[in-house]
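Below is one structure, written out as structure tokens; comments come after it.
The values are calculated or read from the model by the stated rules, or taken from the named source; none is laboratory data. Since the structure is predicted, the reported quantities are computational estimates derived from the model, not experimental observations. With ideal geometry, Cβ positions are generated from the backbone for all residues, glycine too; neighbour counts draw on all protein chains shown.
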Amino acid sequence: MLITIEALNKSFGQDEILKNVKMTINEKGRYGLIGVNGAGKSTLLKIIMGEMDYDSGELTKKPGLRVGYLKQNNALERDNSIISEMRKVFEDVILAEENMRRLEKRMTEISNAESEEYRQISSEYTRAQSYFDSRDGYDMDVKIKTILSGMGFGDKDLDTVISTLSGGEKTRLAIARLLLEEPELLILDEPTNHLDFKTLKWLEEYLISYNGAILTVSHDRYFLDKTVSHIYEVERGKVYSYAGNYSKYLVEKEQRRIREEKEYEIQQMQIASLQTYVDKNIARASTSQSAKSRLKTLENMEILEKPDGNLKPMRLKFEHTKEPYKDVLTVENLDITVGEEEKLLCRDVNFQVKKHEKIAIIGSNGVGKSSFLKIVQGIIPHSKGNVEWGKNVSISYYEQENLNLNQEKIALDELWDRFPQTPEAEIRRVLGNVLLTKEDVFKPVKIISGGERAKLAFCIIMLEKSNVIILDEPTNHLDLASKEVLEAALSEYGGTLIFVSHDRYLLNKVPDKIAELKEDGLRIYNGKYDYYLEVTQREAQQAAEEERLNAAEKAKDMAKDKKEQSYRSKEQRRIEAQRKNRIKELENLIEKTEERLSELETEMTQEEVFSDYKLMAEKCSEAGELRTKLNEYYDEWSSLE
């Protein structure tokens with residue numbers, strides 16, 4: 001076990017944040033940590049990391065445990081380049097290699113291989129080489145490039161200074177560095193923020209095969225399903241444990257709730273029955289002993305606490321009052337441009353939406369998804385293409401950051417001013433449905449949380465009762481429970497739905513179609529997200545196979561062309577034959593030299609070699625000569641190729 005927590009408690013003043021917490025992190029375990037905002041997840045992580053004290057209980061860590069912690073605000077050196085920041089992880093390895101080269105040079109300069117100086121240097125070299133090998137020093141640059149490529153930096157200049165990167169790029173870079181460190185326990189706080197689908201898929205696959213334990217705080221349900229096998233939920237200060245991923249947790253939590261309520265009800269009936277018997281029979285001589293026995297049973301009974309039940313969820317119900325015609329939206333040959341210079345993001349978009357369809361729009365960051373939603377509504381102009389809405393269409397729009405809300409108004413007035421004919425009681429009822437109650441409704445929009453602003457925007461949509469709802473990243477600021485409620489409400493909505501989202505769990509539940517926006521247009525997939533993945537992966541495999549066959553055919557044609565070049569002189573053919581023979585000869589020499597170098601490096605770590613100083617000197621000298629020859633062979637081979 002890496003970490004064990006028993007009966008841990010933490011309070012801030014009168015507020016109990018964590019109560020009697022029990023938790024275990026095992027080697028190579030995969031854990032998800034979930035809970036509503038403010039439940040105590042961050043407090044628990046800080047306690048685990050030793051950044052915060054706890055009031056009582058026990059927290060035991062494996063001695064020397066190496067923990068890597070990705071915070072939401074990363075700690076990169078702003079003035080470093082990408083590559084230098086990544087190489088910082090291997091500072092000890094780089095120093096070991098530099099030390100090896102220095103020691104090799106000193107050994108070749110000592111004439112007496114049996115001297116004390118030589119013996120000390122040789123021993124130091126062996127230790128440095130052993131450490132270098134144990135840290136996979138020869139694979140250092142390969143590891144760096146592999147992880148940077150997977151995290152979306154494959155096409156990025158690695159000399160780019162970190163301070164010039166966007167917030168999302170810095171988050172991805174912080175994850176990359178943490179993965180390179182390979183700690184025994186990896187703690188990730190919202191790692192999927194700012195990641196596109198391609199990077200998310202790579203990260204999920206990497207974490208599945210990761211050699212250490214992982215504890216993840218995330219609101220990404222799809223990510224939790226893919227990467228964890230155990231869920232810890234912080235709720236009302238307690239930590240509940242569930243075996244399985246997120247989808248399994250939903251089932252198990254409901255089963256636990258039903259079981260605890262049933263056990264409590266049964267015990268309350270037993271208590272009532274025992275108490276009634278005692279009350280009726282304790283004073284009777286004939287039944288007094290029996291009543292005392294039951295009273296003792298009552299006194300010794302471990303009384304179950306009344307189950308808290310689930311936290312009150314918000315309630316959403318989207319309705320529409322009139323039906324549109326069959327054709328809701330037609331987009332033809334639309335170019336998506338932004339800015340005064342009309343920078344082209346996407347061209348020739350064609351899009352058809354019918355009544356009652358639910359369509360999710362996806363695409364890489366910066367391709368113009370949000371701009372597309374605004375263009376079709378006429379919020380921003382377009383220079384090319386045609387947008388036509390059908391008859392009887394009414395639209396409700398959820399803006400990604402809720403900037404269409406009046407930030408200065410209090411929440412109650414922001415809603416009531418939009419619907420002045422609606423009674424105050426109805427306005428308050430709708431606000432109460434999304435858990436905006438009491439003093440919260442009198443707070444200015446600008447100071448309430450992102451989740452509360454999202455809920456206020458949902459209130460507006462509920463009261464508008466439009467037959468078309470357009471949503472731009474509606475789950476961004478919601479906790480897991482609220483996402484589940486929104487998902488159910490959108491699934492039940494009887495109107496037409498067009499939404500942009502990166503929430504793959506939502507994409508697998510709500511839409512009938514996936515519309516992928518790319519630079520050269522929009523493509524429709526008649527299914528949910530997993531169907532989209534299946535189709536695109538199959539097409540990628542087919543494209544790779546076609547590319548391989550084309551390359552083989554091209555190579556065959558080139559060989560045929562070379563064979564048919566009979567115009568070449570005898571001397572040219574002789575020179576070409578010599579070149580090919582020399583290439584083969586060099587390849588054999590390179591292979592044998594590398595094999596011998598590998599043998600030497602292994603031999604120099606053996607006690608019978610490094611304890612024999614004369615023999616060690618011979619091995620080092622031979623290794624130096626072989627490296628020189630190897631460089632010469634490679635140079636000549638490159639020239640001939």
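Which numbered condition trips up W202, out of (1) among the aromatic types (F, W, Y); (2) in a helix (DSSP H, G or I); (3) buried (at least 19 other Cβ atoms within 10 Å of the Cβ)?
(3)
Name the residues in the range 334-391 that are among the aromatic types (F, W, Y) and farther than 20 Å from E516 by Cα, would you?
The first filter runs over the range 334-391 and keeps only residues among the aromatic types (F, W, Y), leaving 351, 372, 389.
The one that is among the aromatic types (F, W, Y) and farther than 20 Å from E516 by Cα: W389.
Against the conditions (1) within 25 Å of N37 (Cα to Cα); (2) modelled with pLDDT of 90 or more, where does N310 fall short? Just the number, please.
With (1) within 25 Å of N37 (Cα to Cα); (2) modelled with pLDDT of 90 or more applied to N310, the lone miss is (2).
Could you tell me how many of the residues in the range 586-619 are more than 47 Å from the chain's Cα centre (by Cα) and at pLDDT 75 or above?
Within the range 586-619, residues that are more than 47 Å from the chain's Cα centre (by Cα) and at pLDDT 75 or above number 4.
Show me the strands (runs of 3 or more DSSP E) found entirely inside the range 206-279 where at least 1 residues are out of contact with any Leu (no Cβ under 9 Å at 6 or more places or on another chain) and closer than 19 Å to A481 by Cα.
Details: elements: 213-217, 230-235, 238-243.
Passing ranges, in order: 230-235, 238-243.
Among what's in the range 363-385 and is touching a residue at least 40 places away in the same chain (Cβ under 8 Å) and within 22 Å of K198 (Cα to Cα), pick the residue that is surrounded by the most Cβ atoms within 10 Å (Cβ to Cβ).
Applying the filter and picking the extreme gives F372.
With respect to R284, is the statement that it is within 25 Å of R30 (Cβ to Cβ) and not in a strand (DSSP E or B) true?
Values: within 25 Å of R30 (Cβ to Cβ): no; not in a strand (DSSP E or B): yes.
So R284 does not fit the description; no.
For I583, work out the one condition from (1) modelled with pLDDT under 80; (2) farther than 28 Å from I110 by Cα; (3) of a type in the set (V, I, T) it doesn't fulfil.
Against the list (1) modelled with pLDDT under 80; (2) farther than 28 Å from I110 by Cα; (3) of a type in the set (V, I, T), I583 comes up short only on (1).
Is it true that some residue in the range 508-521 is over 20 Å from K374 (Cα atoms), touching a Leu at 6+ places or on another chain (Cβ under 9 Å), outside the structural domain of D225 (by TED's automatic domain parsing) and assigned to a helix (DSSP H, G or I)?
The answer is no; no qualifying residue exists.
Somewhere in the range 322-334, is a residue in contact (Cβ under 8 Å) with a residue 60 or more places away in the chain, over 30 Å from E388 (Cα atoms) and surrounded by 11 or more Cβ atoms within 10 Å (Cβ to Cβ)?
Scanning the range 322-334, I find no residue that is in contact (Cβ under 8 Å) with a residue 60 or more places away in the chain, over 30 Å from E388 (Cα atoms) and surrounded by 11 or more Cβ atoms within 10 Å (Cβ to Cβ), so the answer is no.
A quick yes/no check of all residues on (1) crowded, with 16+ Cβ neighbours inside 10 Å; (2) of a type outside the set (A, V, I, L, M, F, W, C); (3) over 18 Å from the mean Cα position of the chain (by Cα); (4) assigned by TED's automatic domain parsing to the domain that holds I214:
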position: Y118; (1), (2), (3), (4): yes, yes, yes, no
position: I121; (1), (2), (3), (4): yes, no, yes, no
position: T126; (1), (2), (3), (4): yes, yes, yes, no
position: S134; (1), (2), (3), (4): no, yes, yes, no
position: D141; (1), (2), (3), (4): no, yes, yes, no
position: I144; (1), (2), (3), (4): yes, no, yes, no
position: D157; (1), (2), (3), (4): no, yes, yes, no
position: D189; (1), (2), (3), (4): yes, yes, no, yes
position: L195; (1), (2), (3), (4): yes, no, no, yes
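For the range 29-93, which strands (runs of 3 or more DSSP E) that fit wholly inside it have 3 or more residues that are in contact with a Pro (Cβ under 8 Å, 6 or more places away or on another chain)?
Details: elements: 30-34, 56-61, 67-70.
Per the criteria, 67-70.
Please work out if I375 is farther than 20 Å from L463 by Cα and not charged (D, E, K, R).
On the way: farther than 20 Å from L463 by Cα: yes; not charged (D, E, K, R): yes.
Considered against the rule, which asks whether it is farther than 20 Å from L463 by Cα and not charged (D, E, K, R), I375 comes out as yes.
Taking V161 and the conditions (1) in contact with a strand residue (DSSP E or B) (Cβ under 9 Å, 6 or more places away or on another chain); (2) buried (at least 19 other Cβ atoms within 10 Å of the Cβ), which numbered condition does it fall short on, given that it satisfies the others?
With respect to (1) in contact with a strand residue (DSSP E or B) (Cβ under 9 Å, 6 or more places away or on another chain); (2) buried (at least 19 other Cβ atoms within 10 Å of the Cβ), V161 is out only on (2).
Every residue in the range 13-28 that is part of a loop (DSSP other than H, G, I, E, B) and either in contact with a strand residue (DSSP E or B) (Cβ under 8 Å, 6 or more places away or on another chain) or surrounded by 15 or more Cβ atoms within 10 Å (Cβ to Cβ) (or both), please. Walk me through it before giving the result.
First, pick out the residues of the range 13-28 that are part of a loop (DSSP other than H, G, I, E, B): 13-14, 26-28.
Of everything in the range 13-28, those that are part of a loop (DSSP other than H, G, I, E, B) and either in contact with a strand residue (DSSP E or B) (Cβ under 8 Å, 6 or more places away or on another chain) or surrounded by 15 or more Cβ atoms within 10 Å (Cβ to Cβ) (or both) turn out to be N26, E27, K28.
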